[in-house]
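Visitor: A single structure is presented below for examination.
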Amino acid sequence: MTENPQLHALLAACHWIGEKGWCPATGGNMSLRLDDKQCLVTESGKDKGRLTEQDFLLVETVTNHVPSGRTPSAETGLHTLIYRLFPQVGAILHTHSVNTTVLSRVEKSEALVLQGYEMQKSLSGQKSHLDCVSIPIFDNDQDIPVLAAKVAAFAETMPLHYGFLVRGHGLYCWGRQVAEARRHLEGLEFLFQCELQRRLLEAK
């Protein structure tokens, strides 16, 4: 595989995610845009905390074809959809943390709205804690083309910044580069944990 600094950065991010416990039991999947036609996606069934360069498979973005014949993540179709929808996206991180899994079930509406947190400014373009950050929530579906179609339909009429939650499943987030995707992930995880604790305290 050709030397790629962004791939090295993604590997480091995956190992960091593994240490955080945000992708237990080989869960989650990560990807990197190579160009307008190809991306790299993690192979199915791999421990994200122990990935190597060989665990990223070349995927054709338009067709989801894998020239190697190996099996990428079952959710590859969501990664390629995001790359087709948003040409500025360069890397995608999908995690299965407790925070994202639980909060996506506790929140019954179609979006989680965050407001009042200073850490909202960890998200690109956010300038004030007074602004609202809306993270869409899609109901989980084992049929990835169906789930991808829901995401695509949403994006036709509503903004889709930073990422989205899949109910009872986890978070997809992204950035222009791996570093930005990683910052968005860390910021969102912090915000989700704050929101869960706030709701718990208010319920007492």
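Visitor: Give all pairs with beta carbons closer than 6 Å in which a residue from segment 97-126 that is without any contact (Cβ under 8 Å) to a residue 60 or more places away in the chain meets a residue that is in a helix (DSSP H, G or I); count only pairs at least 6 apart in sequence or on separate chains.
Guide: Correct list of pairs: Gln126/Gln120.
Visitor: Then there is this: Give me the residue from segment 36-60 that is among the acidic types (Asp, Glu) and within 19 Å of Thr80 (Cα to Cα) and, out of that set, most open to solvent (accessible area, probe 1.4 Å).
Guide: Residue satisfying both the conditions and the ranking: Asp36.
Visitor: Can you pull out every residue in segment 1-35 that is open to solvent by 40 Å² or more (accessible area, probe 1.4 Å), within 22 Å of Leu81 (Cβ to Cβ) and in contact with a helix residue (DSSP H, G or I) (Cβ under 8 Å, 6 or more places away or on another chain)?
Guide: Gln6, Arg33
Visitor: Can you give me the number of residues within segment 167-203 that are assigned to a helix (DSSP H, G or I) and either under 17 Å from Ser104 (Cα atoms) or in contact (Cβ under 8 Å) with a residue 40 or more places away in the chain (or both)?
Guide: Count: 23.
Visitor: Tell me yes or no: at least one residue of segment 124-136 is under 28 Å from Thr80 (Cβ atoms), open to solvent by 40 Å² or more (accessible area, probe 1.4 Å) and assigned to a strand (DSSP E or B). Working first, answer last.
Guide: Kept after step one, since they are under 28 Å from Thr80 (Cβ atoms), are these residues of segment 124-136: 124-126, 133-136.
The next check asks that each one be open to solvent by 40 Å² or more (accessible area, probe 1.4 Å); those that pass are 125, 134.
Within this subset, residues satisfying the condition of being assigned to a strand (DSSP E or B) are 134.
Checked against the condition, which is being under 28 Å from Thr80 (Cβ atoms), open to solvent by 40 Å² or more (accessible area, probe 1.4 Å) and assigned to a strand (DSSP E or B), segment 124-136 yields at least one hit.
The values are calculated or read from the model by the stated rules, or taken from the named source; none is laboratory data. Everything numeric here is computed off the predicted structure, so don't read it as measured data. Cβ coordinates were reconstructed from backbone atoms using ideal geometry, including for glycine residues, and neighbour counts include every protein chain displayed. All accessible areas refer to the heavy atoms of the entire protein, side chains included, with ligands and DNA or RNA removed. Shrake-Rupley method; radii C 1.70, N 1.55, O 1.52, S 1.80 Å.
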